[in-house]
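See below for the structure under consideration.
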2 protein chains.
Amino acid sequence: MSLLVVGSVAFDAIETPFGKTDKIIGGAGTYIAYASSFFVQPVNLVSVVGGDFPKETIAEMNRRGINTEGLQIKENEKSFFWSGKYHMDLNTRDTLVTELNVLENFDPIIPDSYQGSDFLMLGNLAPAVQHTVLKRMKQRPKFVALDTMNFWMDIAWNDLMEVLKEVDLLVLNDEEARQLSKEHSLVKAYKKISAMGPKYVIIKKGEHGALLFHQDQVFSAPALPLEEVFDPTGAGDTFAAGLMGYLASTNDISFDNLKRAVYFGSAMASFCVEKFGTERLRELTQTDIQERIAQFLELSTVKIPS
Amino acid sequence: MSLLVVGSVAFDAIETPFGKTDKIIGGAGTYIAYASSFFVQPVNLVSVVGGDFPKETIAEMNRRGINTEGLQIKENEKSFFWSGKYHMDLNTRDTLVTELNVLENFDPIIPDSYQGSDFLMLGNLAPAVQHTVLKRMKQRPKFVALDTMNFWMDIAWNDLMEVLKEVDLLVLNDEEARQLSKEHSLVKAYKKISAMGPKYVIIKKGEHGALLFHQDQVFSAPALPLEEVFDPTGAGDTFAAGLMGYLASTNDISFDNLKRAVYFGSAMASFCVEKFGTERLRELTQTDIQERIAQFLELSTVKIPS
């Protein structure tokens, strides 16, 4: 099955308690494309970069089974740039610089060859742009997932409500779920959010794992207890990528398979935080992923005779 | 196998966003005795109350298989009294009143009939008192667990270090683990705490479940996602009770059985918070517990073909 991914492809400059980077390759679309390509190929990427974006990175994406026909290159403009500094506990960060550049007027174009994609991951972007992507699909994909953030709730609430009506799965973190629902209890938050449209809701809780909700069912997945998180940038995107990549590769959207997909998402995210940026994802092997999944199962499996 | 429990038997007055109580029966020893009696009988209780403590409650304890031979009654003194008010999110609370009364000079006496108890739960009390109980056991129990709190780290650090050397399992929450270890990462916290003595460490994370550590193994158990927590008082004691009750009833201290025990602790704690004080625990049936365990398994079980 094919996966269409939309999200930023950009430059990041990151500072954590463990060090700092110059401009490195980042962006939700990049993390999602790299991580999901371990599960399904081609990954059909829709995004936009400036003339400053390295052609070598695009070539690397292609070698990894990422179709970049939908990656627009605006030769006379600059790529999106974000710079942030994480606090000591790595749970919070300050944004130092946000230069929208090519993202400011991003009009997502869906190449004909992408039409018919069965799975669609709407990575974190302006809700109106996410909605445009969905509307431009001639046939609605079998399963549509959306990621968002507090920022869009603050400045584009109505657009967000419009696109939420159309998606199957919303992936967001606990803080975002509370802001979106105005409820503290995550169970109550899920109920309010599902009334906005999404039939499935995944609430990510960072080091505490994730909750998957659907109808009156709930599933709790652990996070891997880590001694150190090196760089959390992209972990949420990578979680969504592992999840959607696994769903697309198995072509099964049952609740039981979504549970498995949450584990694959968690496993991929646990790699992402081990090094700066996309570095760890780019060196991964299928064996690494299988071993990490085994580690997650070991972490959470209990047998109780009834 | 037999379980010896030491902890306060007391009066509480509780205020939550959902209501408030007059003086009701509370205390760590009470919660632990009530909850563990579903798994093992007799539960040998060591504690102290004043003449104001209702004889009817002691009679109820006896009917429930709790041996109160080690419950001292100081007829001319008053029972320990604690009053607290929870904040809106129920994660934090203010202590309004603490009257130590009979606890001020509590000298725990171990009746001869309690000697030979195989499992010992040292409920939250002054570390020196916990240590005295252990020293007064003629034969060291097979498995000793200890609960503590920030308060003792603040005022009785050295006593706490002394008793920690002697216990098998320390049960504490994430905030307490960070204070005890001076580490933010719970994996690092475990390593420092295990160097203080306990071979097993359980870090409770409230609505995020619990982590069980032993050597280089770690197990993550979920909490039941609840719409509302009615009254968190005693949830930590009840967790320890379900855990130790299950261990004592199965007489198996393997890591695999400790994993199961964490589930039973979590299940018992999930009942405790549904009503004020010990009310929910006192109306429970074995069927309720079995059904709750099934619910926990449903919540966390995933099957991934390798």
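No value in this document is a laboratory result; all are computed from the given coordinates. Values in this document were obtained by computation on a predicted structure and should not be read as measured data. Backbone-built Cβ (ideal geometry, glycine too); neighbour counts: all protein chains shown.
At-a-glance table
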{"quantity": "Within a Gaussian network of chain B (alpha carbon springs, distance under 10 Å), most fluctuating of B:THR250, B:THR233, B:THR95", "calculated": "B:THR95"}
{"quantity": "Cα convex hull of the protein assembly as shown, projected area averaged across orientations, nm²", "calculated": "27.1 nm²"}
{"quantity": "Length released on extending from A:SER254 to A:LYS138, taking residue separation times 0.36 nm less the Cα-Cα span", "calculated": "39.3 nm"}
{"quantity": "Other-copy label distances relative to A:ASP216, 7 angstrom Cα-Cβ extension, nm", "calculated": "4.6"}
{"quantity": "Net charge dipole size for the stretch A:3-300 [Lys, Arg +1 and Asp, Glu -1 on Cβ; Debye, nearest 20]", "calculated": "760 debye"}
{"quantity": "Segments B:19-30, A:109-120 sorted - mean Cβ within 10 Å per residue, highest first", "calculated": "B:19-30, A:109-120"}
{"quantity": "Position A:ILE73, label points 7 Å along Cα→Cβ, spacing to each other copy in nm (shortest first, one decimal)", "calculated": "8.9"}
{"quantity": "Set of lysines near A:LYS303 by C-alpha distance (under 17 Å), chain-local residues within fewer than 8 positions excluded", "calculated": "B:LYS259, B:LYS303"}
{"quantity": "Per-copy distances of the A:ASN91 label point, shortest first, in nm (7 angstrom along Cα→Cβ)", "calculated": "0.6"}
{"quantity": "The stretch B:78-133 versus the stretch B:174-233: alpha-carbon centroid distance in Å", "calculated": "21 Å"}
{"quantity": "Within-15-Å neighbourhood charge of A:GLN41 [Cβ basis; K, R +1; D, E -1]", "calculated": "-1"}
{"quantity": "Choice from B:SER47, B:SER36, B:SER83 showing the highest fluctuation, given a GNM over chain B with Cα pairs closer than 10 Å", "calculated": "B:SER83"}
{"quantity": "For A:GLU77, net neighbour charge (Lys/Arg +1, Asp/Glu -1) across residues whose Cβ lies under 14 Å away", "calculated": "-3"}
{"quantity": "Number of partner chain Cβ atoms within 10 Å, mean per residue of A:221-227", "calculated": "6"}
{"quantity": "³J(HN,Hα), Karplus 6.51/-1.76/1.60, whole Hz, each residue of the stretch B:71-81, x for Gly, Pro", "calculated": "8, 6, 10, 8, 4, 9, 10, 10, 6, 4, 9"}
{"quantity": "Partners for A:LYS142 among aspartates and glutamates (Cα-Cα distance below 13 Å; same-chain residues under 8 apart left out)", "calculated": "A:ASP118, A:GLU166, A:ASP168, A:ASP252"}
{"quantity": "Cross-link pairs beyond the 29 Å C-alpha cut-off, checked among B:LYS55/B:LYS275; A:LYS20/A:LYS191; B:LYS78/B:LYS182; A:LYS188/A:LYS275", "calculated": "A:LYS20/A:LYS191; B:LYS78/B:LYS182; A:LYS188/A:LYS275"}
{"quantity": "Shape call, the stretch A:67-219: gyration tensor on alpha carbons, a/c limit 1.5", "calculated": "oblate"}
{"quantity": "Chain A Cβ-axis minimum, rotational copy B, residue and distance in Å", "calculated": "A:HIS208, 2"}
{"quantity": "Directionally averaged shadow of chain A, computed from the convex hull of its alpha-carbon atoms, nm²", "calculated": "15.5 nm²"}
{"quantity": "For the stretch B:1-55 and the stretch A:30-52, distance of Cα centres in Å", "calculated": "58 Å"}
{"quantity": "Phi to ³J(HN,Hα) by Karplus 6.51 cos²θ - 1.76 cosθ + 1.60 over the stretch A:119-134, Hz, x for Gly, Pro", "calculated": "10, 10, 10, 8, x, 4, 7, 3, x, 5, 5, 4, 5, 4, 4, 4"}
{"quantity": "Hz values of 3J(HN,Hα) by residue in the stretch A:141-149 - Karplus curve (6.51, -1.76, 1.60), Gly and Pro given as x", "calculated": "x, 5, 8, 10, 10, 9, 10, 8, 8"}
